[in-house]
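What follows is a single structure, written as structure tokens, with notes after it.
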Amino acid sequence: MHEYKGVIHIHSTYSDGSGSVEEILKAASEVDIDYIILTDHNTIQAKTDGYEGWYNDLMLIVGYELNDKDDKNHYLVFGLDEVPKDIDDAKNYLDFVEKKKGIGFIAHPMEKRKNLNMHPAYPWTRWDLENYTGIEIWNHMSEWVEGLTDKNKLNRLIHPLKSIHAPSRDTLRLWDRVNRSRSVPAIGSVDAHAHKQDLGGFFNLEIFAYKILFKSIRTHVLLDDDIGLKKRHRFDKQKKEIFEALKCGHSFVGNYYHGDAKGFRFSAQVKKKKFIMGDTVQKEKNDVVNFSAQVPLGGEIRLLRNGEVIHEENGMEMLYNTRDFGNYRIEVYKGKKGWIYSNNIRIIL
Ligand SMILES: [Zn+2]
Ligand SMILES: [Zn+2]
């Protein structure tokens, strides 16, 4: 499989980001990433204006982020050229994206803003709706703002990457829960705005630059195809392959701040057949599943089944055999900080 690492959920001057698409491209070209996905609020104008495409080694893809009339239920949409007109209610846009065969990820689903009364949270509230594609389990901006207090403001501003610990327990628990009834893929994102806003007199400056955020949370996709230099004229096909990988959960989330997660793998073998993250494996009761995880650079590897840690190992590899059904995924930690989060391998009868 071929691995591509990207940064998802970026706002430009087409909505409330402070940087132009050119500035974002420049920042992205200075760090080692393969693709970026712009998601301006309720607009796909960057695509209409012709920005999508290859820029040397970098793919720029344009999606968008929707919200309802109460500015809740933010939804990241990929693979469509059209923005729905009726966005009063999340139901309308989930139905729209499904009907048009796009894919969508619930953004910052459990956002809380304990310490910032003037900046409300934008959580997901419509859990009655089931036709979303997946969930954003880790959002840099959301975590950064959520932990902000008067006391730590300066420190968090100076060390935006160091301030990030791990996806919230609540979000991971929720993700594990919704995965019980169907496969729900996860992505990680930065939600970059490079904000220049006044957070109480103190923050009257750019909170952090795009380039810095491009060195934090990334989503790595695994594709069958090699998106090499030779194949660059096939942008639309390559873009679809990335979307397909995100939709199937053939992907994992890594925080680059703790090291490049490139090369991480989580797979399962049943009766000589191999499966990867995002796959559903059907097996007989007594068939043994051989799980295997490879971790570049090494770390504290945890194997979870239905959200519970069932096995831990330190190092660059983890092997584990079982006959039990369930959803299995990997978390890798560096000290107390979360580094890598795999999608699930579902073992079913
Ligand atoms: Zn949002
Ligand atoms: Zn956003």
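Coordinate-derived values only; no laboratory data. Since this is a predicted model, take the numbers as computed values, not measurements. Counting neighbours? That spans all protein chains shown, and the Cβs are built from the backbone with ideal geometry, glycine included.
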Hey, got the dipole for the chain? About the Cα centre, +1 on K and R Cβ, -1 on D and E Cβ, debye to the nearest 20? 1080
For M277, other-chain or 5+-apart residues with amide H closer than 5 Å (H placed, Pro excluded) are F266
Note, the range 312-322: 3J(HN,Hα) by Karplus (6.51, -1.76, 1.60, θ = phi - 60°), whole Hz, Gly/Pro = x, goes 9, 8, 9, x, 10, 8, 9, 10, 7, 10, 7
Top positive-direction residue, dipole computed over the chain with Cβ charges, set W127, T322, N73: T322
Among T280, I340, Q294, flag the residue with its Cα farthest along the positive direction of the charge dipole of the range 265-348, charges on Cβ as +1 for Lys/Arg and -1 for Asp/Glu. T280
Is the shape of the range 2-258 rounded, prolate or oblate, going by the alpha carbon gyration tensor and its root eigenvalues a ≥ b ≥ c, with a/c under 1.5 for rounded and a/b larger than b/c for prolate? rounded
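First measure r as the distance between the Cβ atoms of T280 and D88, then evaluate 1/(1 + (r/R0)^6) with R0 = 56 Å and state the FRET efficiency to the nearest 0.05.
0.95
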What order, most packed first, do the peptides 145-158, 212-225 have when packing is the mean number of other Cβ atoms within 10 Å of each residue? 212-225, 145-158
Once the dipole of the chain is set up from charges on Cβ (+1 Lys and Arg, -1 Asp and Glu), the residue from the list T171, I8, F208 lying farthest towards its positive end is T171
At 0.36 nm per residue, minus the direct Cα-Cα distance, what do H311 and S20 gain on full extension? Give it in nm, one decimal, please. 100.2 nm
I need the shape label for the range 1-155. Rule: rounded when a/c is under 1.5, else prolate if a/b > b/c, else oblate, with a, b, c from the alpha carbon gyration tensor. oblate
Holding the Cα-Cα limit at 28 Å, pick out from K112/K215; K272/K336; K162/K239; K47/K72 the pairs that are longer than that. K272/K336; K162/K239
